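The values are calculated or read from the model by the stated rules, or taken from the named source; none is laboratory data. Remember, predicted model here, so these are calculated numbers, not experimental data. Glycine also receives a Cβ, built like all others from the backbone with ideal geometry; neighbour counts cover every protein chain displayed. What goes into the accessible areas is simple: the full protein's heavy atoms, side chains included, and nothing from ligands, DNA or RNA. Shrake-Rupley method; radii C 1.70, N 1.55, O 1.52, S 1.80 Å.
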Amino acid sequence: MMWIGRSEALEELGVKPQTLYAYVSRGLIASKPDADDPRASLYAAADIAALVKRRRSGRGRQAIARAAIAWGEPVMETAITTVQGGKLIYRGKDAVRLAADATLEEAAALLWNARALPPPRAVSSVPDGDSGKMRALAYLASHAASDAPSFARGAAALAAEGSDLLAGFGAAITGAGGRGFFHQRLGRHWGLTPGGTDLVRRALVLVADHELNPSTFAARVAASTGAPLAACALAGCATLTGPLHGEASARALTYLRAAMDDDPAAALARIAARGERIPAIGHTLYPAGDPRAAALLRWMKPAADLKRAVRAAEEASGEAANIDMALAALSVQLSLPDDAPFLIFASGRMAGWIAHAMEQRASARPIRPRANYVGV
């Protein structure tokens, strides 16, 4: 196989470096370290030639737009987050390394491009609701209806409001105010040990953002209209409730419990008999495995039966567990309530939704694509 350097690869493709890295992360272009320079990479010339040929095959503008919607080429510029070489990067920092020590508040400050989060105002009241999920959505809906639009407001004002929203979201989940970092408040709410609370901290940072995922795109669309930050976060949180996004851990949690109560092979056989895919396995952006899941599973040191259940799913599918499986495993390991994976996901991603809303507002452009009419 013939290998070429980055400059030649970029020239052949006619793309920016981040697009080349996206092709590599999705498995479209093979890469390997340069033996003469370990800091550089080489790229498979044949893969690049195949991509160039495909792009020159006469695809029309509409076909390109359709392909871009689902795991296609980048369609929006951002300085917040990217996936490069199988790693998740927050403003130039490896998210896994950041999660080893940072709090969610520190990750939010990084994503918001702020030196530190302004101290949040005290939460005046907590919405009613039978679950943390209900209260969290109600909290955002209430503020979306009453907060000032984000339009024409400065970064400092939006960061202060974002800090309030993040703290209020935590109060809504726990049903109470309180002091401390977000993970500490969740740890007290769930009665966790210091070790369990630290695992929640790491998980919150790992899920704080993930480039242009469905919920983040929804938040950016809302922000592009000048909607309040709370409305942008609500758009993201509402999108997160779908079973193909933030609720994917629910199916993984069901599988893990069944595999541990019975036998992993029997639990997987029942999934196959229903004609369903094994849940929370594989990720399009991480052909070699989701680094967030690998890190969280390594840090939590799963019990033997839990580890066996995760490994059985990986072996049966031929793919590695993704972050949804890791969050489900964390919930089993720490005996958390059923909605804990969603609440951890939503809490961490609040930082990302707000970051993208702030960045989108700075562009002062509405997001308004066109539809391709196929009716009569």
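Things to note:
- The chain - charge dipole about Cα centre, Lys and Arg +1 at Cβ, Asp and Glu -1, debye rounded to 20: 700 debye
- Accessible-area value, LYS32, 1.4 Å probe, nucleic acids and ligands omitted, Å²: 80 Å²
- R0 of 51 Å, Cβ-Cβ distance ALA238-ALA50: FRET efficiency to nearest 0.05: 0.85
- Correct option for Cα extents along the principal axes in Å [calculated from the coordinates] among (i) 107, 54, 32; (ii) 61, 57, 56; (iii) 66, 45, 37: (ii)
- Zone residues, region 322-341, relative to ASP198, backbone N less than 15 Å from point 7 Å out along Cα-to-Cβ: none
- Lysines with Cα under 26 Å of LYS301, excluding same-chain neighbours fewer than 8 positions away: LYS87, LYS93
- Most positive-pole-ward Cα, ALA167, GLY348, PRO366, against dipole of the chain from beta carbon charges: PRO366
- Cα gyration tensor, region 336-376 - rounded (a/c under 1.5), prolate or oblate: oblate
- For LYS307, a cut-off of 17 angstrom between C-alpha atoms picks up these aspartates and glutamates, skipping any fewer than 8 places away in its own chain: ASP261, ASP262, ASP263, ASP290, GLU315, GLU319, ASP324.
- Normalised alpha carbon radius of gyration of region 142-249 [divisor 2.2 N^0.38 Å]: 1.15
- Cα-projected label distance for ARG277 with MET134, points at 7 Å along beta-carbon direction, nm: 3.2 nm
- Among PRO118, TRP299, ILE323 - extreme Cα towards positive end, dipole of the chain, charges at beta-carbon: PRO118
- A viscosity of 0.890 mPa s and a temperature of 25 °C, combined with the Kirkwood radius over Cα pairs in Stokes-Einstein, give a translational diffusion coefficient for region 104-165 of 188 µm²/s.
- Max mean-square fluctuation residue, GNM over the chain, Cα-Cα springs under 10 Å, options ASP36, ASP130, ASP164: ASP36
- Cut-off 12 Å between beta-carbons: net charge of the residues surrounding ALA46, Lys and Arg +1, Asp and Glu -1: -1
- Taking amide H positions as modeled 1.01 Å from N, with prolines and chain starts lacking one, the residues under 5 Å from TYR90 and 5 or more places away or on another chain are ALA95.
- Basic side chains Lys and Arg get +1 at the Cβ, acidic Asp and Glu get -1 at the Cβ, and with that the dipole of region 152-283 about its Cα centre reaches some 140 debye.
- Within the accessible area of the chain (1.4 Å probe), percent carbon and sulfur: 54 percent
- Computed helical MRE - 222 nm, the chain, DSSP H runs ≥ 4 contributing -39500 (n - 2.57), nearest 500: -17500 deg cm²/dmol
- For region 241-306, size of Cβ-based charge dipole, Lys and Arg +1, Asp and Glu -1, in debye: 160 debye
- Ligands, DNA and RNA excluded, the heavy atoms of VAL332 present near 30 Å² of accessible surface to a 1.4 Å solvent probe.
- For region 267-376, the solvent-accessible area of protein heavy atoms averages 47 Å² per residue (probe radius 1.4 Å; ligands and nucleic acids excluded).
- Comparing GLY27, GLY170, GLY352 in a Gaussian network model of the chain (Cα springs below 10 Å), the most mobile by mean-square fluctuation is GLY27.
- Cα gyration tensor shape for region 237-334, rounded if a/c is under 1.5, else prolate or oblate: rounded
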